[in-house]
Structures are given as structure tokens and as C-alpha cells.
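The structure under discussion appears below in the form of C-alpha cells.
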Ligand code: PEP
């Protein structure tokens, strides 16, 4: 059975102290109205500096887990400013976002590097939330399927079946991220069905059916329910709306 996930990507927002407050607000709201479905999960990915404080609050929570927004592709050494996957494990993380479009564009992360990151992340028993998605110009010229096919084909489709089954894929059309213009439910469903078809072709239909595919891009409390009601959309990767406890919890309950 597919897991359903709502993951909050806080990006470069919130100090450690502010993160403690926001996580506290989210947990308080979830105490009033808990998640009861056994296969539903929540992931919170604050900045690195907040991870150790966040893990103290989340430790032992039955369905809210800690994630990181990035990590490096090497286990340790002279890589000034970088964070190793084992450090994230030590800080209490279970998930890591890999290949976010902001990493791809601002930090020039390419498929080769992203694949190295996925490998080392999985070697440390962390679950990658692997992002893919096309630019506006690519959608406008009908290239969205080719782009997503090549982003996945060059990276996670090199994993074995056993490895891939632990990966969460997030389809995030770049034109929808932080713009207030979300993909329509039909556009999201269409691409998720396409990704499932690619998995079925490369691996098998059982795996395609079991994998968790998230939608990301201006998903909010008002549109989450319709997006998540699509048969191939198993939740969301949420940026801006994950910084407001009430909105984030509403999105969680839209699963
Ligand atoms: C994201 O950054 O992954 C994202 C989906 O952002 P937003 O929800 O703000 O569009």
C-alpha cells in the first residue's frame, strides 16, 4: 500500500528558536485533530541549524518525522560548508529532499551529483524525497514529459528495484514553485500518471503502483484537497504554506 505524505520544506526560513515555536504550534494543532490513517506521514524539513532542536521535540512522534533540505554527496572530509548524510542521521533525520529546483538552478546541481547524493543518502538509510519538474518554457513548448523522463532516467532509474521502492518522488513544476500558480489537479494527475507509467516500463507495475508520488508547487490549504484527490497524487511537498501552522495542518488533513 502506498504511503501518503505531506512534507514541509521551510527553505531558508526560521531560526532554531522560531522553528521550535512553529513545530510546537503544528503539534498542538495535531493534538486537537490527530492524523489517524496508519499510512499517512508528515515530514518537517527546517534549516540545518534547527534540526537538533526539532528532533528533541519530534522524538518518538508516531507520524511526524524530521527531514533535511539537502546534504552533500560525500561521507566526510574537506568540504567546507557542507553536511554529510551521517550527520543528518545523527541529528534525527529520516528524510532528505534531493534535487529541489532551487538546488538545481542556484547551486548548479546536475543529474550526476544528484545521483551520488541519492546513493549516499540511501546508504545511510535516509529516505530521499527526489524532486523533478519542468520549467515554464519547457511546458510551453510541450517538453515536460521529455524533461521529467530524462531527470528520472539519468538518476533514480539507475537504482535497483529494491532501492527505488524506498524513494519518494516529488513532481514540482518549476513554474508553480513559490509563484501562487499551482498546476491544475488535471496537470498534476497527468504527470503523476506519466511517472507511474515510466516506473512500470522500467521496473514493473506493482512497484509503480506502490510508490509515493508527491505534488509540489503553490499547494495550499485552499487547493490541497482537490490536488490530493487525484488518483496518482499521494500528497504534497509544501513550501510557503508549511510556514503557517494552521495552513500546514489543514493541508495534512486534506490527505
Ligand atoms: C517547494 O519549494 O518545494 C514548494 C513547493 O514551494 P511552494 O509551496 O512555496 O510553491
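Read-outs throughout are calculated quantities, based only on the coordinates presented, and are distinct from any laboratory measurement. Predicted model, so just to flag it, every value in this text is computed and none were measured. In this analysis, Cβ positions are derived from the backbone assuming ideal geometry, glycine residues included, and neighbour counts consider all displayed protein chains.
Kindly provide the set of residues from the range 114-134 that are surrounded by 20 or more Cβ atoms within 10 Å (Cβ to Cβ), outside any helix (DSSP H, G or I) and more than 13 Å from the chain's Cα centre (by Cα), ordered by number.
Correct list: 134 only.
Are any residues in the range 222-243 part of a loop (DSSP other than H, G, I, E, B), within 13 Å of the ligand (Cβ to nearest atom), without any contact (Cβ under 8 Å) to a residue 60 or more places away in the chain and surrounded by 18 or more Cβ atoms within 10 Å (Cβ to Cβ), and if so, which ones?
223
Determine, yes or no, whether residue 151 is within 16 Å of the ligand (Cβ to nearest atom), over 30 Å from residue 245 (Cβ atoms) and assigned to a helix (DSSP H, G or I).
Working: within 16 Å of the ligand (Cβ to nearest atom): yes; over 30 Å from residue 245 (Cβ atoms): yes; assigned to a helix (DSSP H, G or I): yes.
Yes, satisfied.
Can you find a residue that is closer than 30 Å to residue 59 by Cβ and out of contact with any strand residue (DSSP E or B) (no Cβ under 9 Å at 6 or more places or on another chain) anywhere in the range 99-107?
Here is the first cut: in the range 99-107, the residues closer than 30 Å to residue 59 by Cβ are 99-100, 102-103.
Pick out the ones that are also out of contact with any strand residue (DSSP E or B) (no Cβ under 9 Å at 6 or more places or on another chain) and you get 102.
Yes: one or more hits.
Identify, by number, the condition in (1) over 21 Å from residue 99 (Cβ atoms); (2) buried (at least 18 other Cβ atoms within 10 Å of the Cβ); (3) within 16 Å of the ligand (Cβ to nearest atom) that residue 215 doesn't meet.
(1)
If residue 252 satisfies all but one of (1) touching a helix residue (DSSP H, G or I) at 6+ places or on another chain (Cβ under 8 Å); (2) touching a residue at least 60 places away in the same chain (Cβ under 8 Å); (3) surrounded by fewer than 21 Cβ atoms within 10 Å (Cβ to Cβ), what's the number of the condition it fails?
The single condition residue 252 does not satisfy is (3).
Of these, 50, 86, which one is out of contact with any strand residue (DSSP E or B) (no Cβ under 7 Å at 6 or more places or on another chain) and closer than 19 Å to residue 7 by Cα?
Details: 86 fails: closer than 19 Å to residue 7 by Cα.
After applying the criteria, what remains is 50.
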